[in-house]
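Single-structure report; data block below.
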Amino acid sequence: MIEFDWKPDKNSQEPIYRQIVRYIRDKIAAGDWVIGSRLPSQRDMARAFGVNRSTVVTAMEELISYGILESAYGGGTRVKSNTWSLLMSQPPDWNKYIQSGPFRANLPAIQTINKLEFEPGYVRIGTGELAPELYPHELVAKIFRRMPEVIPHLGYLGPLGLPELGRVLSRRLARDEGIAADPSNILITSGSLQGLQLISVCMLKRGSRVYTEAPTYLKSLQIFQSAGMELCGVPLDREGIKFWEIKDASVSSLLYTIPTHHNPTGTVMSRERRKEVLQFSRTHRLPILEDDAYGKLWFDQKPPRAIKAEDTTGSVIYMGTVSKTMAPGLRIGWVVGPEAVVQRLGDVKMQTDYGASSVSQWIMTELLESGDYDLYLDDLRRELRARRDNALSALERYFRGMASWNCPSGGFYIWLRLHRRVSMDKVFSKALEAGILLNPGNMYDYRENHAIRLSYAYAEPEKLDWALRTLSYIIEKYDQKER
């Protein structure tokens with residue numbers, strides 16, 4: 001769907017409908033709107049342009065008469081390719097190129113979320129990042145003041161990243177997670193998402209299967225699917241993934257798991273289940289990709305050690321990041337695995353971006369070595385726990401009898417499951433109209449569900465309370481209308 005970021009000049013001597021005609025014509029001529037693109041309804045265009053609908057109707061009629069647009073019954077108004085377009089120096093049909101590329105487009109709801117998260121006026125109740133007010137300004141400022149004395153240069157770094165950061169990560173992984181990893185086993189990436197992409201393009205062949213929890217964060221991405229792999233969902237219970245339901249594991253398969261504060265359900269895999277999953281991996285020669293983005297964000301009790309901590313055969317690739325504990329803008333993550341694997345990933349990374357930000361790597365080195373990071377994490381856990389409790393209280397007030405939910409022991413998310421079968425697309429749309437941006441659960445699942453990924457980490461508690469109260473009214477009203 002085409003969107004507008006332009007309004008006509010009502011002080012211009014040129015008629016408004018002619019300004020609209022010129023604007024649409026120029027966008028098509030420049031190739032910004034590809035052939036076949038659908039325009040919004042006339043009512044929505046009038047609202048976007050701030051004009052009467054009759055003005056839009058006049059402009060559309062003129063553009064249709066030129067053959068620039070076409071109107072199809074039931075299909076709205078679309079960009080058309082014809083002789084008039086050729087007279088305008090018709091651009092290439094970029095739509096063909098877009099559709100022929102290997103990387104799949106995001107789901108429409110995810111595209112909408114990605115766009116509106118940067119627009120003012122929405123309360124974001126599903127966002128997977130920390131609130132701006134939780135950003136450690138004073139701590140980062142202190143680190144920045146030390147940087148001129150610490151950084152010898154800002155040139156390119158080697159394939160594995162900054163050696164100093166690799167060494168400090170090696171020590172901390174051994175101390176905190178029980179993971180024995182030399183610096184040669186650690187690759188610094190531009191966030192854990194890049195780690196996933198590197199693995200998808202250079203370690204698995206087309207047609208491979210990637211097993212994941214169902215639901216899972218990975219389902220909301222198109223990384224492995226775009227590389228020609230098949231995602232297969234495996235159910236969860238309270239202890240974690242039900243690995244025994246994987247019936248046809250093979251050497252061309254991989255198990256991706258978020259065992260600690262799972263995204264989106266908040267589940268923490270038990271210690272016993274982790275051992276069983278690792279044993280299953282060894283027996284069936286099924287490599288494990290362990291994503292530990294939320295492992296540091298526990299509230300009352302440390303979670304079990306990472307699956308990688310018990311790995312003595314190189315069966316597990318482990319990923320970490322500071323995107324959830326500090327700020328995604330630092331773009332720092334790491335991949336831990338057998339040296340041959342890490343070297344291969346590092347070689348491919350050098351071919352794509354020639355290294356993660358050296359400034360960010362120096363900042364993280366200083367932060368981790370100083371001990372300030374651990375003190376900061378203590379404060380962050382207390383704040384997130386308080387926000388979780390506020391969110392749970394609000395759910396008890398507004399969703400009792402309408403839904404069920406988990407009480408997370410860490411991380412960002414509450415998995416809210418509605419008791420009634422309502423259209424999540426309509427709930428998403430109605431929530432947007434009310435100024436609420438949410439993450440529908442069906443983005444993360446392999447089948448339709450009636451759930452919402454609720455984050456208490458971003459929206460201010462008062463705004464989250466308002467959003468949940470408003471959302472409960474929307475769902476209740478919609479449900480009564482449907483009945």
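The values are calculated or read from the model by the stated rules, or taken from the named source; none is laboratory data. Being a predicted model, the structure only gives us computed values, none of them experimental. FYI the Cβ positions are ideal-geometry reconstructions off the backbone, even for glycines, and counts take in every protein chain you see.
At-a-glance table
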quantity: Condition check for residue 432: within 29 Å of residue 132 (Cα to Cα), under 20 Å from the mean Cα position of the chain (by Cα) and in a helix (DSSP H, G or I); calculated: yes
quantity: Flag for residue 254 being modelled with pLDDT under 90 and within 24 Å of the chain's Cα centre (by Cα); calculated: no
quantity: Per-region count, segment 1-24, residues under 11 Å from residue 62 (Cβ atoms), over 35 Å from the mean Cα position of the chain (by Cα) and crowded, with 16+ Cβ neighbours inside 10 Å; calculated: 3
quantity: Condition met for residue 446 (touching a residue at least 40 places away in the same chain (Cβ under 8 Å), in a loop (DSSP other than H, G, I, E, B), surrounded by 15 or more Cβ atoms within 10 Å (Cβ to Cβ) and touching a Cys at 6+ places or on another chain (Cβ under 9 Å)); calculated: yes
quantity: Which numbered condition residue 330 fails, given (1) at pLDDT 95 or above; (2) on the phi < 0 side of the Ramachandran plot; (3) buried (at least 17 other Cβ atoms within 10 Å of the Cβ); calculated: (1)
quantity: All positions within segment 230-287 that are aromatic (Phe, Trp, Tyr) and assigned to a strand (DSSP E or B); calculated: 256
quantity: Strands (runs of 3 or more DSSP E) fully within segment 321-420 counting 2 or more residues that are in contact (Cβ under 8 Å) with a residue 40 or more places away in the chain; calculated: 333-336, 413-418
quantity: Residues located in segment 279-333, provided they are closer than 24 Å to residue 143 by Cβ, β-branched (Val, Ile, Thr) and touching a strand residue (DSSP E or B) at 6+ places or on another chain (Cβ under 8 Å); calculated: 321, 322, 332
quantity: Subset tally (residues that are among the aliphatic types (A, V, I, L, M), at pLDDT 85 or above and not in a helix (DSSP H, G or I)) for segment 104-148; calculated: 4
